[in-house]
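Read the structure below first, then the notes.
The values are calculated or read from the model by the stated rules, or taken from the named source; none is laboratory data. It should be emphasised that the depicted structure is a prediction, and the values quoted were computed from it without experimental measurement. In this analysis, Cβ positions are derived from the backbone assuming ideal geometry, glycine residues included, and neighbour counts consider all displayed protein chains.
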Amino acid sequence: MSKSNLLYRKSIKNGFTSLVTAKKKNTKHIDFGILKLKKNKKYENRSATHERVVVILGGKCNITVDGTVYKNIGKRKNVFEGKPYSVYIPAGSGFVVQAVSADLEVAVCGVKSKAKGSSMLITPDMVRTRKVGKDNWQRDVYDIVYEATAGDKILVGETMTPSGNWSSVPPHRHEKEDKTTESKHEETYFFKINPEQGFGFQWVYTDNFSLNEIYVLKNDDLVVIPRGYHPVAAAPGYKVYYLWILAGSNRVLRPKDDPKHKWIKEA
């Protein structure tokens, strides 16, 4: 049995709440936090070492990046009401988030990078939508920042898992770099559950079970996935959403399915 604790659970209040940083033992490249602001309140940040993606989870805001203003962006009330507005922010750029609506919630995703570049507004119509799996392992995947958008080492997206369904199935991993079978990426999952009192499950394991962790998921939980396969299950009656961040030397995803379970994709 492993002795890792990959689950990060904090009370998220007004202002910025850091859930994980690249200084933690389980993540070397990713930092992640949630920003909650009341109307007209502001948050300002700059990083010379991280590129960032600000994903609007609910509400409306203005985001200013080095003098470029993206005004009145955000349409959904929460993550279960459509695709997001997001802004990509390159390393070295300062940004300001100002709440326009009464209650704003955004995710601030970061990955270590020194690459310079330009910011980019990503509107819902630019988000790539994929329906993945079938039957009780079907889910909707929204690719926000991927190989066709701005970015250096970061990939960001959302997965919507229906009540009682499974996600990240067949169980897959991305822990080794192989140009034909697998890519190497560190990853985090940030969860929302609807209704909020619900729950789900996350399993993270390796082939030899030297890493073998199972977590009961609650609303606003974050799980770090440094390696291993990582399926998710939604309890009956509850939808499970997760925002995923991947960090790697390239932005091509080649997940490797667990050989024991890949047959369900082929059946």
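Could you please find all residues in segment 210-229 being over 17 Å from Asn26 (Cα atoms) and not in a strand (DSSP E or B)?
Lys218, Asn219, Asp220
Does Glu81 qualify as being at pLDDT 95 or above, more than 12 Å from Arg52 (Cα to Cα), surrounded by fewer than 18 Cβ atoms within 10 Å (Cβ to Cβ) and among the charged types (D, E, K, R)?
Yes: the conditions hold for Glu81.
Restricting to segment 35-62, name every residue that is under 19 Å from the mean Cα position of the chain (by Cα) and closer than 20 Å to Thr123 by Cα.
Leu35, Glu51, Arg52, Val53, Val54, Val55, Ile56, Leu57, Gly58, Gly59 - these are the residues of segment 35-62 that are under 19 Å from the mean Cα position of the chain (by Cα) and closer than 20 Å to Thr123 by Cα.
May I ask you to list the residues in segment 31-46 that are charged (D, E, K, R), modelled with pLDDT of 95 or more and surrounded by fewer than 17 Cβ atoms within 10 Å (Cβ to Cβ)?
Lys38, Lys39, Lys41, Lys42, Glu44
Hey, could you check segment 195-209 for residues that are of a type outside the set (Val, Ile, Thr) and part of a strand (DSSP E or B) and say which is farthest from Arg9 (Cα to Cα)?
Only one residue tops the list, namely Tyr205.
Could you check Glu147 against (1) touching a Pro at 6+ places or on another chain (Cβ under 6 Å); (2) on the phi < 0 side of the Ramachandran plot and say which number it fails?
Every listed condition holds for Glu147 apart from (1).
Being touching a residue at least 24 places away in the same chain (Cβ under 8 Å) and over 23 Å from Glu147 (Cβ atoms) narrows it down to one of Ile214, Ile264, so name that one.
That would be Ile264, the only listed residue that is touching a residue at least 24 places away in the same chain (Cβ under 8 Å) and over 23 Å from Glu147 (Cβ atoms).
Failed condition for Lys28, given (1) buried (at least 17 other Cβ atoms within 10 Å of the Cβ); (2) in contact (Cβ under 8 Å) with a residue 60 or more places away in the chain; (3) under 19 Å from Ile245 (Cβ atoms), with all others met?
(1)
Residues of segment 192-217 being buried (at least 23 other Cβ atoms within 10 Å of the Cβ) and either over 30 Å from Gly237 (Cα atoms) or in contact with a Gly (Cβ under 9 Å, 6 or more places away or on another chain) (or both), which ones?
Ile193, Val204, Leu217
Restricting attention to strands (runs of 3 or more DSSP E) lying wholly within segment 123-194, give those where 3 or more residues are within 18 Å of the chain's Cα centre (by Cα) and within 25 Å of Asn78 (Cα to Cα). Spell out how you get there, then give the answer.
Numbers: elements: 128-132, 139-145, 154-161, 175-178, 182-184, 186-194.
The strands (runs of 3 or more DSSP E) meeting that bar are 128-132, 139-145, 154-161, 186-194.
Mind checking whether some residue in segment 205-227 is in contact with a His (Cβ under 7 Å, 6 or more places away or on another chain) and over 18 Å from Ile34 (Cβ atoms)? It would help to see each step written out before you state the result.
So the first thing to find is which residues in segment 205-227 are in contact with a His (Cβ under 7 Å, 6 or more places away or on another chain), and the list is none.
No.
Taking only segment 230-254 into account, find how many residues are in a loop (DSSP other than H, G, I, E, B) and at pLDDT 95 or above.
Going through segment 230-254 one residue at a time, the tally reaches 6.
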